[in-house]
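Comments concern the structure below.
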Amino acid sequence: MRRILCPPPAHCSAPGALTTLHIALAWCMLAAAPTALPAQSHDTLAVGTYAYGTVDRRAAVSPLAEYLGNALQRPVRVVVAPDPVALADSVQRERVDVVVTNTFGYLLLADAVPQRAVAVSVFHVPPGVRTHYSAVLATTDDGLRDLAALKAKAHTTAVAFVSPGSTTGNLVPRLALAARGVGDLDAQVRRVTYAGTHAAAFDLLRTGAVQVAGLATEEYERQLARLTHSERTRFRVLWESPDIRLGPVAVRASLPATVRERVRTALVGLEQRDPPAFAALRAGWTEARLADGLVAATDSSYAEVRQLFGQGETLAALIARFSR
């Protein structure tokens, strides 16, 4: 144990001596106190993602984390946040270094001021293959035939989305509606509900709990396949998006540039360097099921998403709204 030599209280009667003595004693107490341990070693690389339904996202990213730990020769840990918004918050608080997120989750980080994360890699999907797109759905029960009709009946319409941080189940449908005059959606419609999953959002529409639902087209098609022909004829697609770039693997922007580049180098070609790690990662995201590799990405890779429908101001407002 260290010996702390403190000045003796020999001159307490001198003017100002009491203050001096207090300062000296306080310094002694601080110096003698044990040094607090940090929450985690600065060498530890925290790899994070977000939970979704019954998918085991920890199992999906753990092989990737182990691979990165070996490549960078650093200890790793895996963090699973409740949703993309909470994951973005963890990156902002510097609790996560490498993040596997969705497109909206990345925009929450990349468009923050200052920028919180930078894309380094993304799933590669073969040309001509559609994997990630959104739809706004209704049923024939309510007479809604297009988004113009929805605008006219907004005040009597209940809408279901997936979750606040969902790309195809919140961000993209909201952008589409805003482009057609339904901007402040929550103020214009009767009710907005977040169902939790794409399947649950469709179920709210199917049971009549809502009149409109925004969700991934792939899930809509999967749900239709389970219905009889007569049941399928009840549903109508009011609008469908173009294909949307999948979410990236991104690195915290405040990490040294050399670390960010090492992560990028390690990830590109993961399907060849560590096939089991790539297979596990791909299995964690339904929309990535047809991906055949990881390729390099930069922030400019998401320029098309930012310019979707020419709604830059609306996108900025939504990012500000759903950021924590």
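The values are calculated or read from the model by the stated rules, or taken from the named source; none is laboratory data. In this text the structure is predicted, and so the values were computed from the model without any measurement. Every residue, glycine as well, gets a Cβ built from its backbone with ideal geometry; the counts of neighbours run over all protein chains shown. The protein model used for the area step is the full one, side chains on, heavy atoms only, and it has no ligands, DNA or RNA in it. Shrake-Rupley method; radii C 1.70, N 1.55, O 1.52, S 1.80 Å.
Selection of first residues in the stretch 177-189 that are over 9 Å from Ala148 (Cα atoms) and touching a residue at least 40 places away in the same chain (Cβ under 8 Å) and of second residues that are open to solvent by less than 60 Å² (accessible area, probe 1.4 Å) and hydroxyl-bearing (Ser, Thr, Tyr), restricted to Cβ pairs under 6 Å at least 6 apart or on distinct chains, gives the following pairs, ordered by first then second residue: Ala178/Thr314.
Listed here are the strands (runs of 3 or more DSSP E) enclosed by the stretch 111-221 that have at least 3 residues being under 30 Å from Val259 (Cα atoms): 117-124.
Looking only at the stretch 91-113, residues that are closer than 19 Å to Arg321 by Cβ and in contact (Cβ under 8 Å) with a residue 24 or more places away in the chain come to 14 in all.
In the stretch 43-68, the residues that are buried (at least 23 other Cβ atoms within 10 Å of the Cβ) form no Cβ pair under 8 Å with any partner that is modelled with pLDDT under 95 and hydrophobic (A, V, I, L, M, F, W, C), whether six or more places apart or across chains.
Quick one: is Ala60 at pLDDT 95 or above, among the hydrophobic types (A, V, I, L, M, F, W, C), within 20 Å of Leu270 (Cβ to Cβ) and not in a loop (DSSP other than H, G, I, E, B)?
When the stated conditions are applied, Ala60 passes them.
Here are some residues: Ala297, Ala257, Ala266, Ala279. Which one is more than 28 Å from Asp111 (Cβ to Cβ) and of a type in the set (Gly, Ala, Ser)?
After ruling out the rest, the residue left standing is Ala279.
Matching residues to (1) farther than 24 Å from Val61 by Cβ; (2) within 21 Å of the chain's Cα centre (by Cα); (3) open to solvent by 50 Å² or more (accessible area, probe 1.4 Å); (4) of a type outside the set (A, V, I, L, M, F, W, C):
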{"residue": "Thr207", "(1), (2), (3), (4)": "yes, no, yes, yes"}
{"residue": "Val210", "(1), (2), (3), (4)": "yes, no, no, no"}
{"residue": "Arg232", "(1), (2), (3), (4)": "yes, no, yes, yes"}
{"residue": "Ala277", "(1), (2), (3), (4)": "no, yes, no, no"}
